[in-house]
Amino acid sequence: MRIVALSLLVALAACGGDDSNLDYPAFPNPTKAPDAAPGPDSAPPAADPVINEIFYGQDGADSAATEYIEVYGDPNTSYSSYSLVWLEGNSVGSGLGTIRGIIAVGTTDSSGLFSITAEDGIAATFDNNSQTWLLVQGLTGSVDDDLDTDEDGVLDLTPWASVADALGITDAGASDEFYVDIGGTTYGVTVDRYPANPSTDGGGAARIPDGMDTDTLTDWMLIPETGVANDNTEANSTPGATNTTGT
């Protein structure tokens, strides 16, 4: 046994304890499994919708079958947490800021449009007086709620979580009020539906192109009471379809 142990010590001494001349297998390169596909929680949030088009029908005729309001957002997206709120703006009589109608927003189509007629969406047809339409999220208010209790053109109550868009429409009344500015923030514009003919009682307005939102009047073109644009300075009535101008 001493001879064997001595031979082993001699062999170790001969290599000096240096194992640098030994061949070791190559260390494999690190690998990483492919990333998993993004789950539902990683999808980007839907874009805020905007009021895209509104039409009041023909001159002097409150026809719910032809009147509509349209919202534009991401395609095939549910906006069920949003509502369209119609506020009284006409100073004749009283009731400034009173909720005249509410329309629940649904799911957009493949073009990003959600359109609903007054006949389907609210009990009353649209009137043709001065008014404001708000597109809000998390509405808790109801029809006939007075949101401007002192009738000074400033909302005293805001029964919603947030405002996405606003559109005021004037009938040229000198003391009418519009609610596109709320809490110091401007959410939209007020358009004059028929500046060239104050006696006209119908018509509407459309964003050109769809969804254009700079909070300036250049986003909008007027729709004549016939629903058919006379030239390229006016828009056609196109419920549920891409907004267009005349030729």
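The values are calculated or read from the model by the stated rules, or taken from the named source; none is laboratory data. Being a predicted model, the structure only gives us computed values, none of them experimental. Cβ coordinates were reconstructed from backbone atoms using ideal geometry, including for glycine residues, and neighbour counts include every protein chain displayed. Only protein heavy atoms, including side chains, enter the accessible area calculation; ligands, DNA and RNA are left aside. Shrake-Rupley method; radii C 1.70, N 1.55, O 1.52, S 1.80 Å.
At-a-glance table
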read-out	value
Extension gain (nm, one decimal) between Thr186 and Ala172, 0.36 nm per residue minus Cα-Cα	3.0 nm
Gap separating the Cα centres of the range 158-181 and the range 222-247, nearest whole Å	23 Å
Cβ-based net charge around Ala205, under 9 Å, with every Lys or Arg adding one and every Asp or Glu removing one	+1
Largest-first ordering by accessible area, 1.4 Å probe, given options Asp145, Asp219	Asp145, Asp219
Kirkwood hydrodynamic radius over Cα pairs of the range 80-186, then Stokes diffusion coefficient at 20 °C and 1.002 mPa s, in µm²/s	151 µm²/s
Computed label-point distance, nm, for sites Thr158 and Ser94 using a 7 Å Cα→Cβ extension	2.6 nm
Length gained when the stretch Thr245-Asp213 is fully extended (0.36 nm per residue, less Cα-Cα span)	9.8 nm
